[in-house]
Structures are given as structure tokens and as C-alpha cells.
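> My questions all concern the structure below.
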Amino acid sequence: MLVNIEDHRRRAKRHLPRFVFDYVEGGADDESCLRRNRADMEGVSLIPTCLRDVSTIDVSTEILGRRWRAPIAIAPTGFNGLLRPDGDIMAARAAAAAGIPFCLSTASNTRMERLPDDGGERWLQLYVMTDRAIAEQMLDRAHRAGFTTLVLTVDVPTGGNRERDRRNGFRLPFRPSVSTLLDLCRRPAWLAGLARSGPPRFCNLSRDESDGQSVELQATLLNRALDRRLAWDDLAWLRRRWDGAIVIKGLLNPEDAAQAVRFGADGIIVSNHGGRQLDAAPSTISILPAMVAAVAGRIPVLVDSGFRRGSDVVKALALGAAGILLGRPVLYGLAGGGEAGVRAVLETIIAEIETTMTLVGAATLADIGPQHLVRPS
């Protein structure tokens with residue numbers, strides 16, 4: 001029986017080959033940041049306020065001019081097609097059904113034009129590679145396809161040292177070891193899906209679907225070897241190419257949060273890339289209050305990395321976040337159960353948010369605040 005995110009994680013692990021699960025689960029270096037995300041989250045406690053009218057609970061919110069059913073969105077994650085064929089489409093449908101945004105990664109395996117136009121809010125996450133024409137054609141196509149928000153990821157001037165992937169030989173071109181081939185044989189359902197759909201590729205790098213991408217270009221994206229010249233002034237270039245909202249993802253320094261406001265960003269996402277980039281980075285929950293203070297209410301502050309429970313979401317809201325993006329929990333649901341698995345994960349988190357709000361005495365998100373927090377000094 002699947003009752004929480006850890007149950008979905010275990011099911012995903014049973015379904016996926018080891019090298020794929022390690023790609024989803026792993027962090028950088030010693031994975032200290034990965035562990036810190038969870039340890040610091042668990043170090044934040046919630047204090048109930050009693051005798052409040054919680055006969056009805058409203059978890060909806062408005063962010064960037066759009067109404068969300070709950071203060072969560074699906075974070076951009078790459079290589080979803082490696083978990084399930086058409087994994088991006090499945091996740092987008094689940095998000096639309098839940099009434100929350102879905103963010104498509106530059107490293108997606110589904111052409112953005114193929115995402116369902118079912119009323120769901122679609123965001124595009126952008127990695128800027130050395131050839132900026134790739135970014136420009138993606139922005140043009142996303143605008144035509146009805147995407148509302150651009151998420152510029154800025155914490156990958158180079159890829160993190162992900163040792164699990166290195167040990168598993170997970171790179172392009174992929175050269176599986178004997179042990180990996182044996183592991184694949186023990187995952188017949190996953191292998192059958194791959195056989196039907198073919199190896200996933202980064203299919204949004206070209207303007208024309210019929211254009212192929214070189215192995216070198218795909219390897220560049222997989223290894224996050226991106227444009228190291230990207231700087232704050234380049235936001236002006238993006239503004240000329242994109243007339244929707246621009247959210248900057250991957251900030252951890254309050255000085256950068258203030259810069260984002262200064263250079264006209266519409267929002268920021270406090271993120272350490274799920275512990276997959278700088279292993280010495282702080283947890284997002286620990287740095288969140290300083291980031292909120294630096295922004296001073298001028299733009300919404302969203303946050304990701306380390307969220308596994310609805311109570312975690314409420315903790316972040318009490319610390320000043322406007323919303324939370326979910327990464328690995330969605331991937332666990334996708335790997336283990338496809339679209340239905342993602343829907344189950346989202347509904348679990350939303351139900352846990354409602355339960356937590358009821359228990360702390362908050363009928364609406366506006367009722368959640370510092371009065372509900374206790375943190376170790």
C-alpha cells in the first residue's frame with residue numbers, strides 16, 4: 001500500500017535499473033548537501049495555534065498572476081523519458097489534473113509542442129549553452145506553444161561531481177558494464193518500455209523535430225557543460241526574447257536574491273539543485289529566511305530541494321516562501337506508476353498540507369506564519 005512518498009520511492013527503486021535509480025537519487029561528492037536538505041528540514045518544528053476555526057481548509061494560492069490549487073509545482077527534471085516513455089507528458093497531465101504548474105526541462109525527452117494543451121499551466125526551464133541560438137529557438141517555440149513562465153537555471157556553470165553516475169558509467173555515449181547489463185535483465189518491464197520507445201534523447205535542442213542532435217551536444221547537456229559567460233546583464237537579452245514572467249532558479253546567496261530584484265526578475269527559486277551541484281552548499285530551508293528578507297516582498301520566493309511531506313511545505317510557507325517545487329517525489333511516482341503514480345504523489349502531498357494546516361490552526365495559507373515555527377538556536 002502506498003501511503004507516503006517513501007513508499008513511492010521504494011516502488012521506483014524496484015522498477016528501475018540501478019544506474020537509472022542512482023541518477024535520480026544521487027547527489028554530488030559525498031552527498032552531504034543531499035543529507036543536509038533532509039536533516040535541516042527535520043530540525044524545523046511547527047507549533048500549533050489552537051481554538052481556530054479550521055472547519056474548512058483552503059490551500060489555494062495566487063503566484064505570478066495565476067491561481068494554483070495548492071502551493072506546489074512540478075520542478076524541472078531532465079531525462080524523464082528514461083524513467084517512463086513519454087514521462088514528461090505523464091507528469092504534465094498529472095500537474096494539470098492537480099491544478100498546479102508543470103515545468104519542462106531543457107533536458108526533457110518530449111518536444112514542448114507535444115505536451116497536452118489541457119488547460120494546465122506550463123513553464124519552461126532554460127539552460128543557456130554556449131550556442132545561444134539553441135536558447136532563442138526554444139523561447140520562440142515555447143511562446144507559440146503557450147508556455148507562461150521562463151525558469152532560468154543559473155547554478156550549473158559546470159556539472160556537479162556525481163560519483164554514482166561516474167561509477168555506473170552513466171554518460172553519453174553510454175557504455176554499460178557487465179554488471180549494468182545484468183541489472184537491466186532483472187528489470188524486464190523497464191527494458192520493454194525502452195525497447196518500444198527507443199533511447200530517450202534531448203529533443204528540444206533543435207527548432208525542427210526532424211533535425212538530429214550530435215552525441216557531443218547531447219553529452220554537453222547531460223553533463224551540464226553550459227555557458228560560463230552568463231551574467232546578470234544577460235537578463236536584458238532574455239527580456240528581448242521573452243515577454244512572459246522570468247523566474248531565476250538556483251540562488252542561495254541573499255546578495256543574489258537582491259540582484260534578481262534589481263535586474264527585473266519576476267521571482268526566484270531558492271535551490272541547491274537537490275544536492276546535485278555544490279556539495280558544500282547550505283540546505284535551502286536553512287537559507288530561506290535570509291533570501292526572503294533580501295527580497296523584502298517585492299517578488300515571490302519559491303524553494304525546492306529536500307521536500308518529502310506536506311508538513312515540509314508548511315514549514316517553508318511559515319518561513320516566507322510563496323510556493324514549493326517538487327522534484328524527486330514526482331520522479332518516484334513517475335517511475336513506479338506513470339501518470340497515476342505522479343497524481344498519487346501530488347494528492348498525497350496536498351492531503352498532508354491540509355492535515356498539517358488543520359493541526360496547526362491555519363485555515364488558509366495566509367494564516368501560516370512565524371508564529372507556527374520553532375527552530376533550534
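> Over the residues of the chain, compute the C-alpha Rg and express it relative to 2.2 N^0.38 Å.
0.95
> Enumerate the amide H contacts of residue 109 below 5 Å, restricted to partners 5 or more residues apart or on another chain; note that Pro and chain-start residues carry no placed amide H.
Here 79, 80, 81, 88 satisfy the definition.
> Leaving ligands, DNA and RNA out of it, work out the accessible area of residue 32 with a 1.4 Å probe and give it in Å² to the nearest 10.
Estimated to the nearest 10 Å², residue 32 gives 40 Å².
> Given a 1.4 Å probe, how much area per residue of the stretch 95-212 is accessible, in Å²? Mind dumping the intermediate values first?
Details: 5290 Å² over 118 residues.
Normalised by residue count, the accessible surface of the stretch 95-212 is 45 Å².
> Roughly what % of DSSP beta bridges within the chain run antiparallel, to the nearest 5?
Details: 5 of 31 bridges.
So the antiparallel bridges amount to about 15 percent of the total.
> In addition: Go through 174, 81, 104 and say which Cα lies farthest out towards the positive end of the charge dipole of the stretch 62-184; charges sit on Cβ, +1 for Lys and Arg, -1 for Asp and Glu.
Value: 174.
> Under unit Cβ charges (Lys, Arg +1; Asp, Glu -1), what dipole magnitude, rounded to 20 debye, does the stretch 123-211 have relative to its Cα centre? Walk me through the numbers on the way to the answer.
Numbers: 14 positive and 10 negative charges, 100 e Å.
Roughly 480 debye, rounded to the nearest 20.
> Using only C-alpha atoms and all pairs of different ones, pull out the Kirkwood radius for the stretch 71-192 in Å with one decimal.
16.2 Å
> Under Stokes-Einstein, with the Kirkwood radius over Cα pairs standing in for Rh, what whole-number D in µm²/s applies to the stretch 266-316 at 10 °C and 1.306 mPa s?
137 µm²/s
> Pick from 47, 246, 350: which is most flexible by mean-square fluctuation in a GNM of the chain where alpha carbon atoms under 10 Å apart are linked?
47
> Local charge sum around residue 140 (other residues, Cβ-Cβ under 9 Å, Lys/Arg +1, Asp/Glu -1)?
Details: positive: 141, 144, 207, 241; negative: 136.
Charge balance near residue 140 sits at +3.
> When all alpha-carbon pairs of the stretch 1-59 are counted, what percent fall beyond 13 Å?
Value for the stretch 1-59 (Cα pairs over 13 Å): 77 percent.
> Can you show me the helix-derived [θ] at 222 nm for the chain, built from DSSP H runs with n ≥ 4 at -39,500 (n - 2.57) apiece and divided by the number of residues, rounded to the nearest 500.
Taken over the chain, the calculation gives -13000 deg cm²/dmol.
> Turning to a different aspect of this structure: Taking the Kirkwood radius as the inverse of the mean 1/r across Cα pairs, report the Rg/Rh of the stretch 1-128.
For the stretch 1-128, the value is 1.01.
> Suppose we keep just the alpha-carbon trace of the stretch 116-168; what are its Rg and Dmax in angstrom?
Gyration radius and largest Cα-Cα distance of the stretch 116-168: 14.8, 42 Å.
> While we're looking at this one, here's another question. Under a Cβ-only charge scheme (Lys and Arg +1, Asp and Glu -1), can you give me the dipole magnitude of the chain about the Cα centre, in debye to the nearest 20?
Dipole of the chain, to the nearest 20 debye: 820 debye.
> Can you work out the Karplus-derived ³J(HN,Hα) for every residue in the stretch 233-240? Use 6.51 cos²θ - 1.76 cosθ + 1.60 with θ = phi - 60°, whole Hz, and x for glycine or proline.
4, 6, 4, 5, 4, 5, 4, 5
> Amide H of residue 249: which non-local residues (sequence gap of 5 or more, or other chain) have their own amide H closer than 5 Å, using H built in the peptide plane?
It is 152, 153, 154, 269, by chain and number.
> Please report the projected area of the stretch 132-211's Cα convex hull averaged over all directions, in nm².
8.0 nm²
> Would you mind pulling out the separation of the Cα centroids of the stretch 64-84 and the stretch 334-351, in Å?
After rounding, the separation between the Cα centres reads 12 Å.
The values are calculated or read from the model by the stated rules, or taken from the named source; none is laboratory data. As the structure is a prediction and not an experimental result, all values here were calculated from the model. Here Cβ is always computed from backbone atoms with ideal geometry, including for glycine, and neighbour counts include all displayed protein chains. Each accessible area value is taken on the protein alone, full model and side chains, heavy atoms only, with ligands, DNA and RNA left out. Shrake-Rupley method; radii C 1.70, N 1.55, O 1.52, S 1.80 Å.
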